[in-house]
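Only one structure is covered here, and it is reproduced in the block below.
Since every read-out is calculated from the coordinates, none of them should be taken as a lab result. What you are looking at is a predicted structure, and each value in this text was computed from that prediction instead of being measured. Heads up, the Cβs are rebuilt from the backbone with ideal geometry, glycines too, and the neighbour counts pull from every protein chain shown.
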Amino acid sequence: MKKSKRIETLDKRPVNKDGFINEWPEMGFVAMKSPYDPKPSVRVEDGVIVELDGKARADFDFMDQFIADYAIRIDRAEASMAVSSLDIARKIVNINVSRKEILEIVSGITPAKMAEIINYLNVVEMMMGMQKMRARRVPGNQAHITNLKDDPVQIAADAAEGALRGFSEEETTTGIARYAPFNAIALLIGSQAGRKGVLTQCAVEEATELELGIRGLTTYAETLSVYGTEKVFIDGDDTPYSKAFLNAAYASRGLKVRFTSGSGSEVLMGSSEQKSMLYLECRCLYVTKGAGSQGIQNGSVSCIGVAASVPSGIREVMGENLVAALLGLECASSNDQSFSNSDMRRTARTMLQFMPGTDFIFSGYAAEPNYDNMFAGSNFDAEDFDDYNVLQRDMQVDGGLRPVTEEQVIRVRWEAAKAVQAVFKYLGLTEVTDEQVEAVVYAHGSKDTLKRDVASDLMSADDLMKRGITGIDVVKALAESGFEELAESILEMLKQRVIGDYMHTAAILDEHFQVMSGVNTPNDYMGPGTGYRVDGRRWEEIKAIPHIIDPDDF
């Protein structure tokens with residue numbers, strides 16, 4: 001048979017390297033609506049939910065019981081469930097119905113009812129809903145700050161540049177687990193060198209992550225994973241109750257806490273119970289709410305390849321983000337896992353969150369080249385900064401970033417790298433040479449930097465932990481090494497933990513350490529002419545991209 005040149009060309013397109021599968025509900029490969037999803041129902045007796053989505057209390061698994069007891073307003077349950085799902089869906093997109101009214105209604109519905117509501121919405125309607133239901137008035141963004149070498153000097157420099165570019169939160173992890181304290185300290189220093197008030201975390205094993213937080217070397221955590229079925233939860237060595245306890249452990253030490261979930265995890269772990277990804281994710285979000293977490297990182301996250309492989313999968317991702325907002329949670333809406341060979345497809349996936357705005361459009365924009373991203377690569381990375389800034393300018397949308405100049409980038413990278421060098425010297429840690437500082441300041445990624453002595457680094461990091469070094473020691477080291485302003489910034493971050501206001505829903509800090517959250521700066525969108533608008537100083541900032549023609553030059 002003679003071959004078509006058109007089809008041959010299309011077959012070679014990047015999108016055809018992606019994986020796709022037809023719906024297979026028996027194995028959980030169904031995005032929005034499985035024939036095995038339960039029907040919405042609730043029954044209350046003597047102030048206790050005794051039936052939830054067709055299941056009697058005697059048959060509850062531990063997720064059903066936790067959700068029934070802690071995640072649904074029992075006094076509202078029967079009244080909220082009596083409102084038709086279609087009517088609630090219409091209220092979500094109705095500009096004359098306030099966010100407050102929606103939150104009140106939704107507080108009494110069940111996970112199956114929530115899934116039914118989302119199924120009535122197309123992606124445009126979901127975006128309309130997110131624009132209204134986002135907790136904080138102004139959208140934000142979060143960065144991944146990592147590298148292949150676990151080089152703390154590069155982490156500090158990339159963190160400084162990321163903060164300068166506008167990220168409100170920055171997250172690191174490790175290639176080698178024992179590097180965690182070095183990476184946490186470097187991220188803390190670098191973030192404040194780029195912009196005061198940036199929140200930071202080090203995503204590692206829970207006991208280490210909690211200890212780093214208690215010592216004041218991090219300011220938030222988001223790796224408290226929850227799952228949609230009891231079997232998968234148990235396989236993760238957890239229950240909703242243990243997650244609630246861990247949430248309290250972090251929060252009681254002044255750390256902002258955000259849980260993590262995402263559609264597709266139950267499919268990957270082989271126990272989806274034939275339910276749709278949306279329904280299972282609704283259960284995750286209800287557990288998150290019941291455990292007392294102020295927010296969630298969701299949107300399939302590292303399981304995005306599973307959700308994206310089935311029909312309506314990217315629609316489902318937007319739907320689960322909206323569910324988080326409907327439950328009053330901060331929503332860090334993923335976009336932080338590379339999932340497609342197609343630049344067109346990865347951009348389209350991000351636009352669903354970018355255009356209406358979420359509390360954090362990315363829960364990990366790679367602020368380094370993707371080869372350095374130890375979180376397995378992000379949907380956007382450092383090589384996309386200019387494209388992203390142009391998209392903001394094209395659409396007059398606030399995506400949480402800003403254009404910068406080369407001089408600004410070099411300046412903050414230099415300050416961060418020199419500060420880490422000084423702190424390491426003061427604390428008696430591994431040497432940071434002038435040559436390493438120089439290489440990192442002008443580097444794009446770890447391919448451009450010098451080798452670290454890994455064995456010495458790891459021994460030094462272990463010694464740091466044994467000596468009980470804390471954030472106060474970092475402040476002292478900076479202050480006595482000539483970095484007084486940077487020391488003041490980190491001291492202020494430690495003070496913020498005592499105050500505790502940044503643990504409110506969707507809280508971030510501005511450069512003056514003022515909290516902006518869903519409590520004191522709530523989303524007030526109710527149609528055209530209301531809510532957050534990109535104008536004034538922020539619009540001038542977004543417009544100032546590089547490589548632009550200035551009429552004043554003519």
Open item on the list: Based on this model, can you work out whether I95 counts as of a type outside the set (F, W, Y), surrounded by 12 or more Cβ atoms within 10 Å (Cβ to Cβ), touching a Lys or Arg at 6+ places or on another chain (Cβ under 9 Å) and under 21 Å from C284 (Cβ atoms)?
Closed with: no
TODO: Kindly check whether there is at least one residue in segment 401-420 that is touching a Phe, Trp or Tyr at 6+ places or on another chain (Cβ under 7 Å), in a loop (DSSP other than H, G, I, E, B), touching a residue at least 24 places away in the same chain (Cβ under 8 Å) and within 26 Å of R537 (Cβ to Cβ).
DONE: yes
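Tell me the residue from E383, E368 that is closer than 25 Å to T173 by Cα, surrounded by fewer than 20 Cβ atoms within 10 Å (Cβ to Cβ) and of a type in the set (D, E), please.
E383
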- [ ] Filter segment 193-233 for residues that are in a helix (DSSP H, G or I) and surrounded by fewer than 21 Cβ atoms within 10 Å (Cβ to Cβ) and give the result.
- [x] E206, A207, T208, L210, E211, I214, E230, K231
- [ ] Tally the residues that are hydrophobic (A, V, I, L, M, F, W, C), part of a helix (DSSP H, G or I) and more than 24 Å from N119 (Cβ to Cβ), restricting the search to segment 251-279.
- [x] 1
Open item on the list: Anything in segment 516-554 that is surrounded by 11 or more Cβ atoms within 10 Å (Cβ to Cβ) and in a helix (DSSP H, G or I)? List them, or say none.
Closed with: R538, W539, E541, I542, K543
Open item on the list: For segment 301-323: of the residues being assigned to a helix (DSSP H, G or I) and of a type in the set (G, A, S), which is surrounded by the fewest Cβ atoms within 10 Å (Cβ to Cβ)?
Closed with: G305
- [ ] Those residues that are part of a helix (DSSP H, G or I), touching a residue at least 40 places away in the same chain (Cβ under 8 Å), hydrophobic (A, V, I, L, M, F, W, C) and closer than 19 Å to S340 by Cβ, I need them from segment 8-28; list them, please.
- [x] V15
- [ ] May I ask you to list pairs of residues, at least six apart or on different chains, whose Cβ atoms are under 6 Å apart, with the first in segment 192-205 being closer than 16 Å to L224 by Cα and the second being charged (D, E, K, R)?
- [x] T200/E170; Q201/E171; A203/E171
- [ ] Could you tell me whether any residue of segment 292-300 is out of contact with any strand residue (DSSP E or B) (no Cβ under 6 Å at 6 or more places or on another chain), assigned to a helix (DSSP H, G or I) and touching a residue at least 24 places away in the same chain (Cβ under 8 Å)?
- [x] no
Open item on the list: Given the criterion within 30 Å of E51 (Cα to Cα), buried (at least 24 other Cβ atoms within 10 Å of the Cβ), in contact (Cβ under 8 Å) with a residue 40 or more places away in the chain and of a type outside the set (G, A, S), identify the matching residue among P111, P139.
Closed with: P111
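Looking for something over 19 Å from the mean Cα position of the chain (by Cα) and part of a loop (DSSP other than H, G, I, E, B) - is there at least one such residue anywhere in segment 388-396? If you could, list the steps in order and put the result at the bottom.
The first filter runs over segment 388-396 and keeps only residues over 19 Å from the mean Cα position of the chain (by Cα), leaving 389-396.
Applying the additional criterion that residues be part of a loop (DSSP other than H, G, I, E, B) yields 396.
Yes: segment 388-396 contains one or more residues that are over 19 Å from the mean Cα position of the chain (by Cα) and part of a loop (DSSP other than H, G, I, E, B).
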- [ ] Restricting attention to segment 39-61, report how many residues are touching a helix residue (DSSP H, G or I) at 6+ places or on another chain (Cβ under 6 Å), crowded, with 17+ Cβ neighbours inside 10 Å and under 18 Å from G228 (Cα atoms).
- [x] 3
